[in-house]
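For reference, the structure is listed below as structure tokens.
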Amino acid sequence: MSVRRALPDHDPAIAELDEATRLTLAALWEERARSEINTGSAFARVLTGLYEVGAEASVLDLAGRACTDEVRHAGLCAELAGRYRGEAARPLEPKRVHMPTHVGAPRALLPHLHVVGLCCINESIAAAFLDACLAEARAESVQVMHREHLADDVAHARVGWAHLASRAVDDDTRRQIGELVPRLLYANREAWRDRIATLPEHGVPGHAYPARAALMAVVDDAIDAIVRPGFDAVGVSVRR
Ligand SMILES: [Fe+2]
Ligand SMILES: [Fe+2]
């Protein structure tokens, strides 16, 4: 998608902070920029997997946009970090990420499992996570960034749901995916828990993240209220 929003030239909510808090926030947003660029790399690999399994053109289109959306997110996070640090944004460090190996799964299932893990599960949770962050954001720069990401992440989750609902996935593949979804949900929840554990315990009200406990509750709610019903809706049966 094209760039839709820019950070404000001046944000009084950032200017009024003490230097130590600004540097803490700068480091948090720089780490987030790394995470976003890595997600872009993962989307590029998901995109090639979707070609491999004959995904529909509309799904390829959505996945292609996601690749560049994540690069834009990374740039916006780096720019935001620069605003907190009081310097120009630091350059991004792109790399090729490794995808989950899904030991024991049939080779032909891997591209489907990668799209399920990244899009149906991770991006659905990410959208709920961003919604919770946006609700507590007071600094205009942070609100702008969260709004931009939230709108995109809803579309990124749709890559997975649209693929599973398409004719590129037959009933037997849906059944095999359903058998492995509990394992994917467990691994994804663990990854979110590990990531949340690196954030400040009580959050940074108004400028970054809500408290850790609240964020973990958001992850669990998203799994139960968005992800599990999503699999039901596209005919992927997941045991509890
Ligand atoms: Fe993103
Ligand atoms: Fe995303």
query = Mind checking the dipole of the range 102-152: about its Cα centre, +1 per Lys or Arg Cβ, -1 per Asp or Glu Cβ, Debye to the nearest 20?
reply = 240
request  = Pull out a ≥ b ≥ c, the square roots of the eigenvalues of the alpha-carbon gyration tensor of the range 52-111, then state rounded if a/c is under 1.5, prolate if not and a/b is larger than b/c, and oblate in the remaining case.
outcome  = oblate
inquiry  = Could you tell me the relative contact order of the chain? Use alpha-carbon pairs under 8 Å, at least six residues apart, and round to a whole percent.
reply    = 23
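About the Cα centre of the range 1-86, what is the dipole size in debye to 20, counting +1 per Lys and Arg Cβ and -1 per Asp and Glu Cβ, all else neutral?
Roughly 100 debye for the range 1-86.
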ask   = Using Cα atoms only, what is the angle between the long axis of helix 19-52 and the major principal axis of the chain, expressed in degrees (0 to 90) to the nearest 10?
value = 20
task = Set Lys and Arg Cβ to +1 and Asp and Glu Cβ to -1, take the dipole of the chain about its Cα centre, and tell me which of 68, 6, 209 lies farthest positive.
result = 68
remark   = Along the dipole axis of the chain (charges at Cβ: +1 for Lys and Arg, -1 for Asp and Glu; origin at the Cα centre), the most positive-end residue among 103, 125, 20 is 103
inquiry  = With angles folded into 0 to 90 degrees, how steeply does helix 212-222 sit against the dominant principal axis of the chain? Use alpha carbons for both and round to 10.
reply    = 30
task = Quick one: angle between helix 57-85 and the longest Cα principal axis of the chain, in degrees between 0 and 90, rounded to 10, please.
result = 20
query = What does the charge dipole of the range 135-197 about its Cα centre add up to, to the nearest 20 debye, if the Cβ of each Lys and Arg holds +1 and the Cβ of each Asp and Glu holds -1?
reply = 100
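Readers should treat all values here as calculations from the given coordinates under stated rules, not as data from a laboratory. In this text, all values refer to a predicted model and were calculated from it rather than measured experimentally. Heads up, the Cβs are rebuilt from the backbone with ideal geometry, glycines too, and the neighbour counts pull from every protein chain shown.
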